[in-house]
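Read through the structure below, which is laid out as structure tokens, and then see the notes.
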Amino acid sequence: MKCPHCQSEVTINHEFCPRCGQRITLAFDDIAASVHVDAAYRRGQRLERTLKWVILFLIFTGAMMYGINDLWDRELAYDGNDLPPVEAPAAALGELGGVPLNYKEVFALRPPEGLPPRGYAWRMGALRNSLRASNGGRAEGAEAIDRGLRYMMRLQQPDGSWLVNTEGLNIDKARDEAFNFKWGQTGLTALCLMAYLGEGHVWMPDVQGQTSAYASTVKRGLEFLVKGQDPLNGRFGPPEGNFMYNHGLATLAVSEAAALSGAPDLRAAAQKGVDLIERTQGEKGGWGYRDVAGARQDTSVSAWQVQALLAAREAGLKVNDEVLQKALGYYQAATDAQAGIVSYDFTDRQVRPSLFGVALMLRLYLGEAVTTPDVRWLTRMTAQTAPTWKRGWGRSWKEGRTRGVDDTERANTFDPYRWYFATYGLFFAGGEEWEPWDGALRDALINLQDGDGAWRANDIWSVKAGPAYSTSMCILCLQVHYRLQ
């Protein structure tokens, strides 16, 4: 309580104030108020002590739960390698159909003469090098791929993703469209991973016990994709933007990784992605921007769904053949040789050169014979504009900086998206058109690669996605000799 004369604090049992020395006369109400204040102070101290113990308990409980969860998620360290071997009769290749194999056993298989390897094993080591050489690939192409992979590794984010970001693309800032395409982060991450998976890079040691220099890059990228999958409908990435691009690309990347590794969690995630693609196929056989079967369909977004389904089939997942046959019918219907076009969505009748390669690749990839009139026409149309470049378009190029260099011509010419589909379409078609295209492509890409390993295109798609996009697409082009067989 306070002294009524000098307002200093005194205890209730003092008759005279210790400070001013005057007699303190107390009313009953003053005594009661002092008692209430003292009681409230003691209750506050007890509450404070209680809250401190509750907080300590919650911190301890949270730490215990985190530790238990971390131990639960860890893979078992013991794999039984010290157990004595058990002799068993060797199985013929055809008897291995449904037997779950360790990835080392898969890669150790050497199929009989004339049969292809299993599960993208041809992308690994000696098989890859052999296919590269026999299909016309060159050492300078392999070196360019590795420079590009090292560049992309530096762009990877801590969460394993690659950002839709045009920083470092060296374009006029007025043409930077990345802000409106942030929704494409999942698809871009998948595209970058495909460049590593195309070289056979996985996160576990190979049969010789060697671990890839890109093991952590691949592992973190796949973790980002799988964590971003909707557990209910199987969709990869958020439900924003033209998200079926994200979903098709992510299903394709995860399916390739599942084929290369045999990892059960990847197989399960890829199968969910496949199921969503099959559920959302349109009546005409294509796909649209959304996971709705009745939505508009277009040849571009459909191309990634089909590639994802075929990669999943290569991984041994369940893929409905009727869906693939319906997709083939879609691309056949979209091709109109008499009108000289491949339709974008059956309403857009513009001549789009990039779609010739899309239709060619997908029709051949889905099993159509190279001798059909449509395929021969698509082959000629695709090959008529071969890759090219001009001095000044590659090393340290920057838009608008070099006199005499037409940036518009460069943007219309250096088109990684068109080159990707055209390259694979012509590779599958073979014939007299392939070798000139292959040589022109290699010459252009070697000279267009920048000193740090990047390919910096200024076409309409690169200004939306950035150098990680253009670099990964160029790498996929250079991998044509062995990436798909």
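The values are calculated or read from the model by the stated rules, or taken from the named source; none is laboratory data. Worth saying up front: this structure is predicted, and the values here are computed from it rather than measured. Neighbour counts run over all protein chains shown; Cβ positions are idealised from the backbone, glycine included.
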- Task: Looking at (1) surrounded by fewer than 15 Cβ atoms within 10 Å (Cβ to Cβ); (2) over 22 Å from residue 471 (Cβ atoms), find the lone condition where residue 379 falls short.
- Result: (1)
- Query: So which residues in the range 183-218 are surrounded by fewer than 18 Cβ atoms within 10 Å (Cβ to Cβ) and either β-branched (Val, Ile, Thr) or in contact (Cβ under 8 Å) with a residue 40 or more places away in the chain (or both), if there are any at all?
  - Reply: 183, 204, 206, 207, 211
- Of (1) out of contact with any Gly (no Cβ under 9 Å at 6 or more places or on another chain); (2) of a type in the set (D, E, K, R); (3) buried (at least 19 other Cβ atoms within 10 Å of the Cβ), residue 432 fails just (3)
- Would you please list the contacts, defined by Cβ atoms under 8 Å and residues six or more apart or on different chains, that run from a residue in the range 339-352 that is farther than 19 Å from residue 328 by Cα to a residue that is small (Gly, Ala, Ser) and modelled with pLDDT of 90 or more? 349/339; 349/343; 351/340
- Yes or no: residue 230 more than 19 Å from residue 273 (Cβ to Cβ), among the charged types (D, E, K, R) and surrounded by 15 or more Cβ atoms within 10 Å (Cβ to Cβ)? no
- Query: Would you pick out the residues in the range 297-333 that are surrounded by fewer than 16 Cβ atoms within 10 Å (Cβ to Cβ) and outside any helix (DSSP H, G or I)?
  - Reply: 318, 320
- Message: Could you list, ordered by first residue, the pairs with Cβ atoms under 6 Å in which the first is in the range 239-260 and within 19 Å of residue 417 (Cα to Cα) and assigned by TED's automatic domain parsing to the domain that holds residue 274 and the second is at pLDDT 95 or above and of a type in the set (S, T, N, Q), at least 6 apart or interchain?
- Response: 246/186; 248/305; 250/186; 252/307
- Message: Which residue is nearest to residue 485 (Cα to Cα), if the candidates are limited to the range 290-302 and must be of a type outside the set (Val, Ile, Thr) and in contact with a Gly (Cβ under 8 Å, 6 or more places away or on another chain)?
- Response: 302
- Note on the structure: Selection over the range 363-390 where residues are part of a helix (DSSP H, G or I), free of Cβ contacts under 8 Å to residues at least 60 places away in the same chain and not β-branched (Val, Ile, Thr) yields a count of 9
- Note on the structure: residue 270 vs (1) buried (at least 24 other Cβ atoms within 10 Å of the Cβ); (2) farther than 19 Å from residue 239 by Cβ; (3) touching a residue at least 60 places away in the same chain (Cβ under 8 Å): all pass except (3)
- Query: Before we move on, is residue 452 at pLDDT 95 or above and surrounded by fewer than 22 Cβ atoms within 10 Å (Cβ to Cβ)?
  - Reply: yes
- Quick one: how many residues across the range 137-176 are surrounded by 16 or more Cβ atoms within 10 Å (Cβ to Cβ), touching a helix residue (DSSP H, G or I) at 6+ places or on another chain (Cβ under 7 Å) and either assigned to a loop (DSSP other than H, G, I, E, B) or not assigned by TED's automatic domain parsing to the domain that holds residue 414 (or both)? 12
- Task: Could you tell me whether any residue of the range 351-360 is within 22 Å of residue 419 (Cβ to Cβ), among the hydroxyl-bearing types (Ser, Thr, Tyr) and in contact with a helix residue (DSSP H, G or I) (Cβ under 6 Å, 6 or more places away or on another chain)?
- Result: yes
- Message: Please pick out the residue among 339, 359 that is more than 19 Å from residue 296 (Cα to Cα) and of a type in the set (A, V, I, L, M).
- Response: 339
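Go through the range 116-136 residue by residue and tally those that are part of a loop (DSSP other than H, G, I, E, B) and buried (at least 19 other Cβ atoms within 10 Å of the Cβ).
Number satisfying all stated conditions: 3.
To keep it simple, each residue is scored yes or no on (1) surrounded by 22 or more Cβ atoms within 10 Å (Cβ to Cβ); (2) outside the structural domain of residue 142 (by TED's automatic domain parsing); (3) modelled with pLDDT under 95; (4) assigned to a helix (DSSP H, G or I).
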site	(1), (2), (3), (4)
392	no, no, yes, no
396	no, no, yes, no
422	yes, no, no, yes
439	no, no, no, yes
446	no, no, no, yes
